[in-house]
Each structure stands twice: as C-alpha cells, then as structure tokens.
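The values are calculated or read from the model by the stated rules, or taken from the named source; none is laboratory data. Note that the structure is a prediction, hence the values are computed from the model and not measured. As a convention, Cβ positions derive from the backbone with ideal geometry for all residues, glycine included, and neighbour counts pool all protein chains shown.
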Amino acid sequence: MFILHLLDHHWRYNGMVHAAVDLACAQAELGHTVAVCSSEGSFAPLFAKHNIEFFEVDALRRKSGAVMAVIGLWRVLGRFEPDVIHAHMTKSALIAFVVSRLRGVPMVTCVQNSFSKYAGLMKVGDRVITGCQVVADDMTRRGVPLDKLRPILNGTIGSARQAPSDGDEFANPFQHPAIVTFCGMHWRKGVPDLIAGFQLARQTRPELNLYLFGEGPNLDEYRQLVNAENAAHITFCSPVPNAKPYLRAADAFVLASLADPAPLVICEAREAGLAVVATRVDGIPELLEDGRAGILVDARAPEQIAEKLIYLFSDPSHLRTWRENSQILIDRLEVRRVAEQSVEVYLEVIRTRPSSQRALLAE
C-alpha cells in the first residue's frame, strides 16, 4: 500500500509528531511504501534510514499559508500517488480534505488531543482514528459520527524513533531511589501536584529523589514550588531525544496529568519495567489496564501521590510487585499492532472508493 502521512511539522517533543513518526516507520517496516509530507522538523534522517520519502511543504507551518499549502500538497500528490492520506494535525487535515476530494484519494484523520477546541474539525476524514477509547467517546459528543470513529490504542514498543544509535552513550545521572517523569512543563501535566506529593512523601521517606524531564512555559514557576528542604532532591532536567535509558535507570515513574488522552510516555515507562503511578484521567487507565499494570490516583490529589510513593518505597517487595505488574499485557503496546490496525482502517476506506484499487489488488 502507498501511504502518505501529513503533519504541520515534525519537530521532536510533540506527542502527535512522535505517534505519527512511530507509525510511519512501523508501516515501512511492514513493507508498505510510505511517505511523509510536512514542513521542517527533526526526523528527516530517520525517514531516510527507513526508506520513507519526505516532502517538505513549508506553507504547512504558516497560519496564513493555506492556499500555498494546498498547492504544495497537490504537487506532492503529483509525485507520490498514495492509496490513502493519513492527516495527524488539524491544519494538515483541512488542507488534505481539499486535495483529497479534488484528487479522489481517501483520507483518514487522527485525534490524539480531543480537548483541543479544534479537534472536532477532524471529522473531515473518511475515518477518524483516536489514540484511545475515551477520546473516541469524547469525539462522539463533539459531533463526529460514530460510524467514522476507529479507536486504536497508542503503543510505542518497537519504536524506531527511540532505537539506540551508534555511539549513543548514557551516564546514569540518578541518585537512588529515583522517581522520574517526562512531560511538558504546563498546566495540563499537573506538575505542581507531583511536586507537592513528592515533598509530602519525603517527610516519611527522606531518601527519595525526583527528576523532572521537560520544558515549557511554566518551568520557572514550577522551580519556585520546590522548598529548601527538598532542593537537593528535586532536579529539573532538559528533554532528551531518547528517554529509554533514563527510564530503565530509574525506580519508578509518576505522571500527575489533569488531562492526557493517551500519553506515549506511559507505554515507554511500562516497557522499561518501571512501577507506574498516574492519574485516573482520559486514556491513562486504558494504558494501565485499569490499574492492573500501574497504580491509579485521582487528579489534583497530591496526598494520594505521596501515599503511593511511601507505599512503593516502604518495602522492596512493593516496588518489585509493581514493576512486575507493569508487564501485564505489555504486548498490547507494540507499535507494530498500531501500524497493522491503522492499515486495516485504510483498507476499509479504500473499499468504499471504487477508484482506489491498487491497495486492494495488493491486499
């Protein structure tokens, strides 16, 4: 099958980008002919490594560049004739809608962040893939027809994006016991609750250490939340291209999100075999097998975070049990499964288009 993935950009440290890049690489590994169309970004070398053709359309990143983006995508389809277009961001989806209709090419859209005020526009796709069931339910409430929605749970195991590179070096930066989080430093990730919960936990378990990887508009504000007693035990770290070695070197992972559709980092933490504590919001329970593979707490409840951290580190058997629990049904989080299920959705759409026969003949 010939598949074109379309994004506004492909810069690193963006969950929608990461999900799209993982998917494109996995589909190429499955033997499909894959291309990516986007403005600038971080992953062109990875695309080349996986024989994914990359088409740069600079206008896709400009708010006022809609006409030029349509023209640019039209030209791309003159060079790469896809059986299906998979659009991952709202602007890209609207651009693709125009071109796909003019060209007669089926289009699938993907919704990761249903809380975006523009997410409802993704209903322009012939099918709408969501990163979890909760997002699908939310999109139904926002007017997307039920017969268009196809929930496919996110997964990152086997991600080409986080494969080790030649010459990669890792020096363990942690003092143990080490608790880590990887998240944007903004309101949605609940970082103040994590810091408050950790500081409460240290009143009972003073040996604990917290490492927060990420950047964002509230970073300086969050640094100010750390009191003097905990300054030596809470470390803010810059984002890293590959989180896997850091996760594997840690003891536990915490995500205190207030809203988070289906965060890829939960998959990555489980793959690393970490004990996971995360909030019971959006798609997180689905990623944690409804609490079997990780400990769920309420959002905006730092005292619950503190309670669970104290529990985990009060007895080595507790930590060992929840590290083992993280592997329950872990195979569900393979990116290959996401790729295969997405192709099934493409074929479903192509069957409704008699003019799109190439993919069916190759099926």
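Hey, among the residues in segment 266-279 that are in contact with a strand residue (DSSP E or B) (Cβ under 7 Å, 6 or more places away or on another chain) and within 23 Å of I195 (Cβ to Cβ), which one's surrounded by the most Cβ atoms within 10 Å (Cβ to Cβ)?
Of segment 266-279, the ones in contact with a strand residue (DSSP E or B) (Cβ under 7 Å, 6 or more places away or on another chain) are 266-267, 269-271, 274-279.
Keeping just the survivors that are within 23 Å of I195 (Cβ to Cβ) gives 266, 269, 274-279.
On the way: I266: 26, A269: 32, L274: 23, A275: 27, V276: 25, V277: 28, A278: 29, T279: 26.
Applying the filter and picking the extreme gives A269.
Failed condition for E29, given (1) surrounded by 17 or more Cβ atoms within 10 Å (Cβ to Cβ); (2) in contact with a His (Cβ under 9 Å, 6 or more places away or on another chain), with all others met?
Result: E29 passes all but (1).
Please pick out the residue among P217, P239, P263 that is closer than 24 Å to S116 by Cβ, surrounded by fewer than 17 Cβ atoms within 10 Å (Cβ to Cβ), at pLDDT 95 or above and of a type outside the set (G, A, S).
Details: P239 fails: at pLDDT 95 or above; P263 fails: surrounded by fewer than 17 Cβ atoms within 10 Å (Cβ to Cβ).
So the residue among P217, P239, P263 that is closer than 24 Å to S116 by Cβ, surrounded by fewer than 17 Cβ atoms within 10 Å (Cβ to Cβ), at pLDDT 95 or above and of a type outside the set (G, A, S) is P217.
If E207 satisfies every condition in (1) assigned to a loop (DSSP other than H, G, I, E, B); (2) touching a Cys at 6+ places or on another chain (Cβ under 9 Å); (3) at pLDDT 95 or above but one, which is the exception?
(2)
Taking segment 74-118 as the search range and keeping residues that are of a type in the set (G, A, S) and over 15 Å from C37 (Cα atoms), which one is modelled with the highest pLDDT? Working first, answer last.
Initially, segment 74-118 is screened for residues of a type in the set (G, A, S), giving 78, 87, 92-93, 96, 100, 104, 114, 116.
Those left that are additionally over 15 Å from C37 (Cα atoms): 104, 114, 116.
Working: G104: 93, S114: 79, S116: 81.
Here the residue is G104.
Can we say R150 is surrounded by fewer than 20 Cβ atoms within 10 Å (Cβ to Cβ) and within 24 Å of L288 (Cα to Cα)?
yes
Specify which of the listed residues (R75, R127, R141) is within 21 Å of V343 (Cα to Cα), of a type outside the set (S, T, Y) and either in the same structural domain as S342 (by TED's automatic domain parsing) or in contact with an Asp or Glu (Cβ under 7 Å, 6 or more places away or on another chain) (or both).
Working: R75 fails: within 21 Å of V343 (Cα to Cα); R141 fails: within 21 Å of V343 (Cα to Cα).
After applying the criteria, what remains is R127.
Where residues in segment 94-119 are in a loop (DSSP other than H, G, I, E, B) and surrounded by 24 or more Cβ atoms within 10 Å (Cβ to Cβ), which of them is nearest to the chain's Cα centre (by Cα)?
Restricting attention to segment 94-119, the residues satisfying the condition of being in a loop (DSSP other than H, G, I, E, B) are 104-106, 112-118.
Subset that is surrounded by 24 or more Cβ atoms within 10 Å (Cβ to Cβ): 106, 112, 114.
Details: P106: 24, Q112: 8, S114: 13 Å.
Only one residue tops the list, namely Q112.
Within segment 135-163, work out how many residues are among the charged types (D, E, K, R) and in a loop (DSSP other than H, G, I, E, B). Show your work before the answer.
So the first thing to find is which residues in segment 135-163 are among the charged types (D, E, K, R), and the list is 137-138, 141-142, 147-148, 150, 161.
Applying the additional criterion that residues be in a loop (DSSP other than H, G, I, E, B) yields 142.
Final tally of qualifying residues: 1.
Regarding W74, is this residue in contact with a Leu (Cβ under 8 Å, 6 or more places away or on another chain), of a type in the set (F, W, Y) and on the phi < 0 side of the Ramachandran plot?
Details: in contact with a Leu (Cβ under 8 Å, 6 or more places away or on another chain): yes; of a type in the set (F, W, Y): yes; on the phi < 0 side of the Ramachandran plot: yes.
So W74 fits the description; yes.
Quick check on my filter: what residues within segment 288-309 are over 20 Å from the mean Cα position of the chain (by Cα) and of a type in the set (D, E, K, R)?
R292, D298, R300, E303, E307, K308
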